[in-house]
Amino acid sequence: MPKKNLASAAVRWLLSFAPHPVTAKWPERFRSCVGALFGIAFTGGSMYFLVGADAAMPLLVAPMGASAVLLFGVPASPLAQPWSIIGGNLVSAVVGVACASWIANPVAAATLAVSLAICAMFALRCVHPPSGAVALTAVLGGPAIHAMGYRFVLEPIAIQSIALLCAALVFHALTGHRYPHVPAQNPQPGAALTPGFTRADLDAVLAKRSEWLDIDADDLEALLHETQLQGYTRALNQLTCATIMSRPTAASAASAASAASAASAASAVTAHAEPRAASVNTPIAELVPLFATHGHHHIPVLDAERRLVGMVTPSDVIAGLHRHAQRSPRRAA
């Protein structure tokens, strides 16, 4: 590989370490911080109330801090849902205690515990990243944790997981945030997201991926649908009559001009009638309601001197959007 290409590849690799932009707005970030404060305080207070300050177990285990990041920071993630935290923490605690009991070498026990915990979470569909730390805590937590044996699964893991989940349910409800997360629904179920692109295609592509994406398929579908609508809106605002209009022949210009004049006269008589003439610089977005709502079949296009220079029909709008969609990938490339 040439040195120049190697250097470019190295630069791209280093740039991949740059942090991704955080799309959450500051009020949502602040709400997440307050939620974590409430969640951890409630969890620690629950343990203090149930077992007392002198209990031979931690009032808070470190993985609960990581769980709080998910439950309050990214509550829409599939990794932050109720079954993920409860199932993931419990199964990982069981695996960790078993490995600590059966394997004397702590490094080997920890290695196997995390590996088996991930396998079990995938099998039970309760993947929760902090649960890997639960398995490690069961192995490396020290004599006090080891002395508890399988009691570690219930106290403190089950109690703290349930307490943190309850805090999340209450906090999200009080702050008007839906939790557990309900995936967004496509407003047009079964409809193509883009030409030739349906939900079945999306499911097929996701099934072919070798790695799991941390987003619900319904959320991804809704996101793509909204992106499609945003793209259509942008295209409608960018296109003007001059870019899509059909230019009349000399034979039809006179009749079209007289039709435009008659339409203008009719709209002057009827105060609420929509004007039928547009200028060459009129965005297509302003004409769509005339076709969709008012039933117009064609709209004359006039220049600055009010001379007829073209005609716009629904077919012209569709053809213009199609050409715009074909040009966009070439521009991006």
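The values are calculated or read from the model by the stated rules, or taken from the named source; none is laboratory data. Bear in mind the structure is a predicted one, so any value in this text is a computation, not a measurement. Using ideal geometry, Cβ is built from the backbone for each residue, glycine included, and neighbour counts are taken over all protein chains shown.
Do we have residue 88 as touching a Ser or Thr at 6+ places or on another chain (Cβ under 6 Å), under 21 Å from residue 155 (Cβ atoms), among the small types (Gly, Ala, Ser) and in a helix (DSSP H, G or I) here?
Yes.
So residue 123 clears everything in (1) among the aliphatic types (A, V, I, L, M); (2) in a helix (DSSP H, G or I); (3) under 30 Å from residue 222 (Cβ atoms); (4) in contact (Cβ under 8 Å) with a residue 12 or more places away in the chain except one condition, right? Which one?
Residue 123 satisfies all of (1) among the aliphatic types (A, V, I, L, M); (2) in a helix (DSSP H, G or I); (3) under 30 Å from residue 222 (Cβ atoms); (4) in contact (Cβ under 8 Å) with a residue 12 or more places away in the chain except (4).
Which pairs turn up if I take residues in segment 225-244 that are modelled with pLDDT of 75 or more and look for partners that are of a type in the set (Val, Ile, Thr) and surrounded by fewer than 17 Cβ atoms within 10 Å (Cβ to Cβ) with beta carbon separation below 6 Å, at least 6 apart in sequence or on another chain?
Within 6 Å, the pairs are 241/280; 242/280.
Within segment 210-229, can you find the residues that are over 15 Å from the mean Cα position of the chain (by Cα) and either part of a helix (DSSP H, G or I) or surrounded by 16 or more Cβ atoms within 10 Å (Cβ to Cβ) (or both)? Walk me through it before giving the result.
At the first step, the residues of segment 210-229 found to be over 15 Å from the mean Cα position of the chain (by Cα) are 210-211, 229.
Hit for segment 210-229 is 229, nothing else.
Got a sec? Which of 305, 286, 274 is of a type in the set (D, E, K, R), at pLDDT 80 or above and either in contact with a helix residue (DSSP H, G or I) (Cβ under 8 Å, 6 or more places away or on another chain) or not in a loop (DSSP other than H, G, I, E, B) (or both)? It would help to see each step written out before you state the result.
Numbers: 305 fails: either in contact with a helix residue (DSSP H, G or I) (Cβ under 8 Å, 6 or more places away or on another chain) or not in a loop (DSSP other than H, G, I, E, B) (or both); 274 fails: at pLDDT 80 or above.
Just one listed residue meets the conditions, 286.
So for segment 24-33 (the condition being crowded, with 17+ Cβ neighbours inside 10 Å, within 20 Å of residue 71 (Cα to Cα) and under 29 Å from the mean Cα position of the chain (by Cα)), does at least one residue qualify?
Residues of segment 24-33 crowded, with 17+ Cβ neighbours inside 10 Å: 31-32.
Cutting the leftovers down to within 20 Å of residue 71 (Cα to Cα) gives us 31-32.
Remaining after also requiring under 29 Å from the mean Cα position of the chain (by Cα): 31-32.
Yes.
Which of the residues belonging to segment 309-324 are within 37 Å of the chain's Cα centre (by Cα) and not charged (D, E, K, R)?
The initial filter retains those residues of segment 309-324 that are within 37 Å of the chain's Cα centre (by Cα), namely 313-324.
Answer for segment 309-324, where residues must be within 37 Å of the chain's Cα centre (by Cα) and not charged (D, E, K, R): 313, 314, 315, 317, 318, 319, 320, 321, 322, 324.
Of the residues that make up segment 43-53, is at least one loosely packed, with under 14 Cβ neighbours inside 10 Å and at positive phi?
Checking segment 43-53: at least one residue is loosely packed, with under 14 Cβ neighbours inside 10 Å and at positive phi.
Quick test of your reading of the structure: residue 57 fulfils all but one of (1) part of a loop (DSSP other than H, G, I, E, B); (2) more than 27 Å from residue 169 (Cα to Cα); (3) assigned by TED's automatic domain parsing to the domain that holds residue 138. Name the failing condition by number.
The one condition residue 57 does not meet is (2).
Could you pull out the residue among 140, 165, 124 that is in the same structural domain as residue 36 (by TED's automatic domain parsing), within 20 Å of residue 60 (Cβ to Cβ) and surrounded by fewer than 20 Cβ atoms within 10 Å (Cβ to Cβ)? Even if it seems obvious, please write down each step before you answer.
Details: 165 fails: surrounded by fewer than 20 Cβ atoms within 10 Å (Cβ to Cβ); 124 fails: within 20 Å of residue 60 (Cβ to Cβ).
None of the others qualify; the one that does is 140.
I'd like to verify a number: residues in segment 153-162 that are surrounded by 15 or more Cβ atoms within 10 Å (Cβ to Cβ) and either more than 16 Å from residue 131 (Cβ to Cβ) or free of Cβ contacts under 8 Å to residues at least 12 places away in the same chain (or both), how many?
Total satisfying the criteria: 1.
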